[in-house]
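Have a look at the structure below, then the notes.
The values are calculated or read from the model by the stated rules, or taken from the named source; none is laboratory data. Just so you know, these numbers come straight off a predicted model, no measurement behind them. Every residue, glycine among them, receives a Cβ derived from its backbone with ideal geometry; neighbour counts consider all protein chains shown.
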Amino acid sequence: MRILSRKIWRAFPELDKFDDEICKMYVRRSTSLKNAWRGVLLMLIIIPVAVVLWGMFSWAVRVFNYGLQDQYAWYISDTTEDVFVIMFLTGNVWFPAMCFFLVRDRWLNRCIQKQLSGTSCPPCGYSLVGLSVVEHEDARCVVCPECGTYTKLNTGHITEADINPSLLTKS
């Protein structure tokens, strides 16, 4: 779990040893590889949905307030129309923005998790990000410190840039 005001890549210990610029490139790469159109579609859908939800919530509060007035002669506020208008208008700004940021962060988190899980050791699942690349049997490999398995790079789904994000600046 990360604090919303912090950088999203700091929620992953595998990326702690890299500076912010390299991590930004890693996040961009993971979002572009993991269907960026889904993230854009989510962002376009969440804003109107949040506006409608906030409108429904505001309407329910208004109905509840009028029900209290009629039934018990009890008022939340003397100026119920003003309270409703202020709540509705301010909520139509901050509620969709908050929903947008929460959905965006969740989507980014999933993209980075998929990218990092794709760069783990096949037999034991140990994260290979940040390990040194070695030559083994005429191929570039990474040795898992957990189980000692050699994982070949640039032949399947794992590339050197996935293991060492600092190579993203050179490519």
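Of the residues making up segment 29-53, those that are surrounded by 13 or more Cβ atoms within 10 Å (Cβ to Cβ) and under 21 Å from Ser120 (Cβ atoms) number 5. Here Leu153 fulfils each of the conditions (1) within 17 Å of Pro13 (Cβ to Cβ); (2) in contact with a Lys or Arg (Cβ under 8 Å, 6 or more places away or on another chain) apart from (1). The residues of segment 112-171 that are free of Cβ contacts under 8 Å to residues at least 60 places away in the same chain and of a type in the set (Val, Ile, Thr), listed by number, are Thr119, Val133, Val134, Val142, Val143, Thr149, Thr151, Thr155, Ile158, Thr159, Ile163.
Is it fair to say Cys111 is farther than 21 Å from Arg10 by Cβ and of a type outside the set (Phe, Trp, Tyr)? Give the steps one after another, and end with the answer.
Values: farther than 21 Å from Arg10 by Cβ: no; of a type outside the set (Phe, Trp, Tyr): yes.
Considered against the rule, which asks whether it is farther than 21 Å from Arg10 by Cβ and of a type outside the set (Phe, Trp, Tyr), Cys111 comes out as no.
Looking at segment 1-58 only, could you name the residues that are among the small types (Gly, Ala, Ser) and modelled with pLDDT of 85 or more? Walk me through how you get there before you give the answer.
The first filter runs over segment 1-58 and keeps only residues among the small types (Gly, Ala, Ser), leaving 5, 11, 30, 32, 36, 39, 50, 55, 58.
Ala50, the sole residue that qualifies.
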